[in-house]
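Working notes for the structure below.
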Amino acid sequence: AGATIPSSLSECRRPEQRRRAVVARRRSSGSTRSCRIRRLALAVGQSAPVRAAWLRFPELSLEPLDQRYGRSAEGTYVYESRGGQFRAELAVNDVGFVTRYAGFWEAEGI
């Protein structure tokens, strides 16, 4: 069976979602980052490696994408990929939903 991709934050709570070591990501979004953050349940000062599958277009080839999530403070995480070449700070609300992806977007009305 193929990997399923969470389409909402509530799906992150399913055991089969939490057990997956590799998840095919559709796009960079708050919901995909939120799922990872909630699943990892990091304490402040902790970080963890994660591997995702990156689908390249138009070739339609899958490539591994090694990532790292770190919790730098209460409500603040750091996301890195490509060996630290890409780095972004993420702010989360009380339920762990990403509300700000520094340099890309910020949620309104959450």
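Key figures for this structure:
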read-out	value
Filter result for Leu55 (at positive phi and surrounded by fewer than 17 Cβ atoms within 10 Å (Cβ to Cβ))	no
Of all residues in the range 79-110 being acidic (Asp, Glu) and part of a strand (DSSP E or B), the one that is most open to solvent (accessible area, probe 1.4 Å)	Glu106
Flag for Gly45 being open to solvent by 80 Å² or more (accessible area, probe 1.4 Å) and in contact (Cβ under 8 Å) with a residue 12 or more places away in the chain	no
Counted residues, the range 62-72 - those being open to solvent by less than 40 Å² (accessible area, probe 1.4 Å) and either farther than 11 Å from Ala48 by Cα or of a type in the set (Phe, Trp, Tyr) (or both)	2
Candidate set: the range 66-110, residues that are at pLDDT 90 or above and of a type in the set (A, V, I, L, M, F, W, C); chosen: the one farthest from Leu40 (Cα to Cα)	Phe86
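The values are calculated or read from the model by the stated rules, or taken from the named source; none is laboratory data. All values reported here derive from a predicted model rather than from experimental measurement. Counting neighbours? That spans all protein chains shown, and the Cβs are built from the backbone with ideal geometry, glycine included. Heavy atoms of the whole protein, side chains included, go into the accessibility calculation; ligands, DNA and RNA do not. Shrake-Rupley method; radii C 1.70, N 1.55, O 1.52, S 1.80 Å.
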